[in-house]
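To keep things clear, I will list the structure first and then write my remarks on it.
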Amino acid sequence: MTTLEERPLLPADDPRHYRRALGCFPTGITVMTAAHASTRVGVTANSFASVSLDPPLVLWALRTDSPSLSVFHDARHFAVNVLAWHQEDLSRRFAKPADDKFDGLTVTEGLGGAPLLDGCAARFETRIAHQIPSGDHVLLVGEVMRYNNFHREPLVFLRGDHLWLDQPTIG
Ligand SMILES: Cc1cc2nc3c(=O)[nH]c(=O)nc-3n(C[C@H](O)[C@H](O)[C@H](O)COP(=O)(O)O)c2cc1C
């Protein structure tokens with residue numbers, strides 16, 4: 001006899017309960033950026049993953065109803081800004097729609113004009129290799145052309161909350 005917790009559930013039965021189960025998986029947090037025709041976009045995303053080392057490929061998933069989708073679709077590059085432990089404000093800033101999410105921020109231009117944020121834990125600049133529609137998201141696969149490891153502790157996302165690991169070190 002299975003207990004209530006052991007009984008498998010169906011994602012469609014209770015989408016919020018399903019999302020809470022997905023939230024048990026801790027992730028880092030990134031801000032994905034791109035530019036096209038002088039429009040810059042940035043999206044907070046925790047769907048980031050490394051796919052392949054040779055060639056070096058990474059991916060993330062973007063909602064198809066995102067206002068930023070057209071720029072990522074038309075751009076040839078995107079940058080992965082891996083947020084450091086003290087950058088929760090940036091995570092929140094890029095997680096809500098705005099006319100110019102970069103207003104007041106110091107950024108530099110990366111490959112294809114993709115904005116690069118200061119103070120991150122790491123950064124990957126990619127050339128977009130594949131765009132694969134997948135349900136209500138598009139998978140964006142990028143080939144890493146260059147990267148930085150700034151050796152800062154990462155910001156972590158778990159069960160809907162921002163956290164950081166003990167003993168954050170900057171250096
Ligand atoms: C921690 C966190 C992770 C997120 N991960 C993703 C993600 O992987 N893909 C996505 O499309 N949206 C993700 N979102 C939601 C987007 O950041 C949010 O919808 C944002 O408004 C998208 O930018 P846009 O409005 O310019 O499209 C995440 C939000 C948070 C707070």
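The values are calculated or read from the model by the stated rules, or taken from the named source; none is laboratory data. The structure displayed is predicted, hence computed values, not measured ones. No Cβ is skipped: glycine too gets one built from the backbone with ideal geometry, and neighbour counts run over all protein chains shown. Remember, those area values only see protein heavy atoms, side chains included, never the ligands or the DNA or RNA. Shrake-Rupley method; radii C 1.70, N 1.55, O 1.52, S 1.80 Å.
Who wins for biggest fluctuation among 78, 150, 94 in a Gaussian network model of the chain, springs between alpha carbons below 10 Å? Maximum among the listed residues: 150.
Checking every one of the trypsin sites (Lys or Arg not before Pro) in segment 1-84 against DSSP loop status and a limit of 15 other Cβ atoms within 10 Å picks out 76. The charge dipole of segment 51-171, taken about its Cα centre with unit charges on the Cβ atoms of Lys, Arg (+1), Asp and Glu (-1) only, comes to about 120 debye. Ranked from largest to smallest solvent-accessible area, with a 1.4 Å probe on the protein heavy atoms, 147, 18 come out as 147, 18.
In this structure segment 1-156 gives 60 Å² per residue of accessible area when probed at 1.4 Å with all protein chains present. Given +1 at the Cβ of Lys and Arg, -1 at the Cβ of Asp and Glu and no other charges, the dipole of segment 7-83 around its Cα centre is 200 debye to the nearest 20.
Heavy-atom accessible surface of residue 144, to the nearest 10 Å², is about 30 Å², with a 1.4 Å probe and all protein chains retained. When nucleic acids and ligands are ignored and a 1.4 Å probe is applied, residue 96 ends up with an accessible area of around 120 Å². In segment 1-101, a dipole from Cβ-located charges (positive for Lys and Arg, negative for Asp and Glu) runs towards its positive end, and of 80, 47, 59 it is 80 whose Cα lies farthest in that direction.
Surface composition of the chain: carbon and sulfur atoms hold 54% of the protein heavy-atom accessible area at a 1.4 Å probe. Cα gyration tensor of segment 28-159, axes a ≥ b ≥ c as square roots of the eigenvalues: rounded (a/c below 1.5), prolate (a/b > b/c) or oblate? Cα axes put segment 28-159 in the rounded bin. With Cα atoms defining each centre, segment 1-50 and segment 94-165 are spaced 16 Å apart in the structure.
Which residue, 90, 158, 116, has the most motion in a Gaussian network model of the chain that connects Cα atoms within less than 10 Å? Most flexible of the set in this elastic network: 158. A prolate overall shape is assigned to segment 1-80, the ratio a/c of its alpha-carbon gyration tensor axes (a ≥ b ≥ c) being 1.5 or greater and a/b exceeding b/c. Springs join every pair of Cα atoms under 10 Å in this Gaussian network model of the chain, and among 148, 46, 81 the largest mean-square fluctuation is at 148.
Ranked by solvent-accessible area (1.4 Å probe, protein heavy atoms only, all chains present), the residues 68, 47, 38 order from largest to smallest as 38, 47, 68.
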